[in-house]
1. Roughly what percent of Cα-Cα pairs across the chain reach past 22 Å?
2. Please compute the net charge surrounding Gly62, taking Lys and Arg as +1 and Asp and Glu as -1 over other residues with Cβ under 9 Å from its Cβ.
3. Within the stretch 23-64, what residues put their amide N at less than 20 Å from the label point 7 Å along the Cα-to-Cβ vector of Glu83?
4. Please work out the average accessible area per residue across the chain, using the 1.4 Å probe convention, and give it in Å².
5. Using Cα-Cα distances under 8 Å and only pairs 6 or more residues apart, what relative contact order does the stretch 3-74 have, in percent?
6. Give a quick list of GluC sites (Glu not before Pro) in the stretch 1-97 that DSSP marks as loop, anything other than H, G, I, E or B, with at most 11 other Cβ atoms within 10 Å.
7. Can you tell me how much longer the chain between Arg4 and Ala43 gets when fully stretched, taken as 0.36 nm per residue apart minus their C-alpha distance, in nm with one decimal?
8. In a GNM of the chain with a 10 Å cut-off on Cα contacts, which of Val68, Val49, Val82 has the highest mean-square fluctuation?
Amino acid sequence: MTPRGELDLGAIGSLDSAVRSALAAAGSPPRLIIDLSDVDVLAPVVLGVLLDAQRRCQGAGGSLLLVVTSPEIGATLADTGVETLFEVAAELQDAMQRLSVG
């Protein structure tokens, strides 16, 4: 899935809904890529949705990868201390390859 624009407090509901739909369609075990390449702002408050998706994937024996191409988005993950909780790829193609292998 590829969210776009600003992921802030106002986007939590729609992001959560989109993530849940993507997880439902991901199969079993769920393998999900969230491509943040087109995200301009990632507010720390939104990280709960991503962490919940990660927890759901891992709980079902699956995988979730984030594609992070922006230094600003990477900094948000690092500044909040959650960067080690996610598997991160620098390119969508790399993320797709890693999921197909794993």
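1. Everything past 22 Å amounts to 20 percent.
2. Net charge in that neighbourhood comes out at +2.
3. 34-52, 54, 64
4. In whole numbers, the chain has 52 Å² accessible per residue.
5. Taking the mean separation of contacting Cα pairs over the length of the stretch 3-74, I get 41 percent.
6. Nothing satisfies the criteria.
7. Additional length available on full extension: 12.7 nm.
8. Val82
The values are calculated or read from the model by the stated rules, or taken from the named source; none is laboratory data. What you see is a predicted model, and the numbers here were worked out from it, not measured in a lab. Note that each Cβ is placed from the backbone with ideal geometry, even for glycine, and that neighbours are counted across all protein chains shown. What goes into the accessible areas is simple: the full protein's heavy atoms, side chains included, and nothing from ligands, DNA or RNA. Shrake-Rupley method; radii C 1.70, N 1.55, O 1.52, S 1.80 Å.
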